[in-house]
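First up is the structure itself, then whatever we jot down about it.
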Amino acid sequence: MNNFSNKIINARWLIIVATFIIMGATGYGAQFMTFKSDYKTFFEEDNLQLNDFLDLQKIYSKSDNVAIIVAPKDGNVFDKETLTAIWELTNESWMVTYSSRVDSISNFQYSYAEGDDLMIEDLILEADDLDDEAIARTKRVALAEPLLQKKLIALNGDSAVVNITIRLPGVDKTKEVPIVAESARTLVKEFEAKYPNIDFMLSGMVMMNVSFREASKADSSILIPIMFVVVVFAVLGLLRSASGTVATTVVILASIITTMGIWGWAGGYLTGPSAGSPVMILTLAVADCVHLLSTLNYNMRHGMEKRAAMLDSIRVNFQPIFLTSLTTAIGF
């Protein structure tokens, strides 16, 4: 260990330059890394339950959907304004990217007898025809129909759902899912402006998938930089060393950039949970640096020359730092 430590100290500038070269070469690969927000990434390819679910979708229909919840602020769906909004939203929802089917109480196929004829038509044919009698009929049918209850209409009639079935091409879901989400959000914004007395909320499998990506992106752009700043100031306050703080910062950045770059070169991708890996790397890097620097400062305060203090710090901390990093990597 003494020989190893001496070689590191003697070749420190070579090691520093080589480290930056390696960091630049590996870090370049980070641009190839993508973010997968599909829930299927949380399962192995041979997962029995997942494959059964996919086979079920192939036979019947896919469950990828965007659900637009329509909740009037007065708590009553069955008035002319809200039913008109649902009717219009149902028609406009066909324009959402990759939509294949739209279901709501307005286009529910209502059947009734008229003499000897069996009539089948949309529950709400035209919004202009919504008089008191039509609204009462819509309420009676919607709240009594098992196919609508708890699916497209709340039992107490305070909210309804316009459900859009999505059929993604499956060529590149990293792009397809955000496109659908953006299309749905644009539609909802138009209706929010047109109907200020109604709340429109987005849900469904597609919106859940895109939320993983957006939440991780928000953490990366806000929480991670804040944590980085806090850690830097904490290290500066604890070690009372500007050079030590700068060195720690460089180690943190090098560790994160190199790791993400290697993963990019390897064709890897990020998911909601793995997007937090920079925080984990930051934590480990800080802990390792603080161990080395605190031992160095302790030795120097007790009269040791700087080189000897660093050699001793490497000797004391090398094994615990190595074992901690190894077992943490194995654990993850």
Going through (1) free of Cβ contacts under 8 Å to residues at least 12 places away in the same chain; (2) out of contact with any strand residue (DSSP E or B) (no Cβ under 6 Å at 6 or more places or on another chain); (3) open to solvent by 40 Å² or more (accessible area, probe 1.4 Å) one by one, residue 57 fails only at (3)
The helices (runs of 4 or more DSSP H) lying wholly within segment 212-331 that contain at least 3 residues that are of a type in the set (Val, Ile, Thr) and exposed (fewer than 13 other Cβ atoms within 10 Å of the Cβ) are 224-239
Taking first residues from segment 259-283 that are within 22 Å of residue 209 (Cα to Cα) and at pLDDT 85 or above and second residues anywhere that are open to solvent by less than 20 Å² (accessible area, probe 1.4 Å) and of a type in the set (Gly, Ala, Ser), the pairs with Cβ under 6 Å that are 6 or more apart or on different chains are 264/29
The residue that is surrounded by the most Cβ atoms within 10 Å (Cβ to Cβ), considering only those in segment 72-88 that are touching a helix residue (DSSP H, G or I) at 6+ places or on another chain (Cβ under 6 Å) and not aromatic (Phe, Trp, Tyr), is 72
Practice item. Check whether at least one residue in segment 249-267 is touching a Cys at 6+ places or on another chain (Cβ under 9 Å) and either hydrophobic (A, V, I, L, M, F, W, C) or over 25 Å from residue 324 (Cβ atoms) (or both), and report yes or no. Key: yes
Per the list (1) touching a strand residue (DSSP E or B) at 6+ places or on another chain (Cβ under 6 Å); (2) part of a helix (DSSP H, G or I); (3) of a type in the set (Lys, Arg), residue check on residue 175 breaks on (1)
| message | Any residue that is in contact with a Ser or Thr (Cβ under 7 Å, 6 or more places away or on another chain) and open to solvent by 50 Å² or more (accessible area, probe 1.4 Å) - is there at least one of those in segment 154-173? | response | yes
Legend entry - Verdict on residue 39 being hydroxyl-bearing (Ser, Thr, Tyr), under 26 Å from residue 183 (Cβ atoms), at pLDDT below 85 and surrounded by 11 or more Cβ atoms within 10 Å (Cβ to Cβ): yes
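Hey, can you tell me all the residues within segment 148-201 that are aliphatic (A, V, I, L, M) and at pLDDT below 90? First the steps, then the outcome.
Filtering segment 148-201 for residues aliphatic (A, V, I, L, M) gives 148, 152-155, 160-162, 164, 166, 168, 171, 177, 179-181, 184, 187-188, 193, 198, 201.
Hits for segment 148-201 are 168, 171, 177.
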Filtering segment 241-258 down to residues that are under 13 Å from residue 293 (Cα atoms), among the small types (Gly, Ala, Ser) and touching a residue at least 40 places away in the same chain (Cβ under 8 Å) yields 241, 244, 247
Of the candidates 52, 46, the one satisfying the condition of being without any contact (Cβ under 8 Å) to a residue 40 or more places away in the chain and open to solvent by 100 Å² or more (accessible area, probe 1.4 Å) is 46
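Is it true that some residue in segment 110-120 is polar (S, T, N, Q) and surrounded by 20 or more Cβ atoms within 10 Å (Cβ to Cβ)?
Step one: of segment 110-120, the residues polar (S, T, N, Q) are 111.
Then drop every residue that is not surrounded by 20 or more Cβ atoms within 10 Å (Cβ to Cβ), which leaves none.
No, because not a single residue in segment 110-120 is polar (S, T, N, Q) and surrounded by 20 or more Cβ atoms within 10 Å (Cβ to Cβ).
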Restricting segment 12-33 to residues that are touching a residue at least 12 places away in the same chain (Cβ under 8 Å) and not hydrophobic (A, V, I, L, M, F, W, C), the one surrounded by the most Cβ atoms within 10 Å (Cβ to Cβ) turns out to be 27
Across (1) touching a Leu at 6+ places or on another chain (Cβ under 7 Å); (2) buried (at least 17 other Cβ atoms within 10 Å of the Cβ), residue 206 clears everything bar (1)
For residue 88, the lone unmet condition from (1) modelled with pLDDT under 95; (2) over 29 Å from the mean Cα position of the chain (by Cα) is (1)
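The values are calculated or read from the model by the stated rules, or taken from the named source; none is laboratory data. Computed from a predicted model, the values in this text were never measured in an experiment. As a convention, Cβ positions derive from the backbone with ideal geometry for all residues, glycine included, and neighbour counts pool all protein chains shown. Side chains included, ligands, DNA and RNA excluded: accessible areas come from the protein's heavy atoms. Shrake-Rupley method; radii C 1.70, N 1.55, O 1.52, S 1.80 Å.
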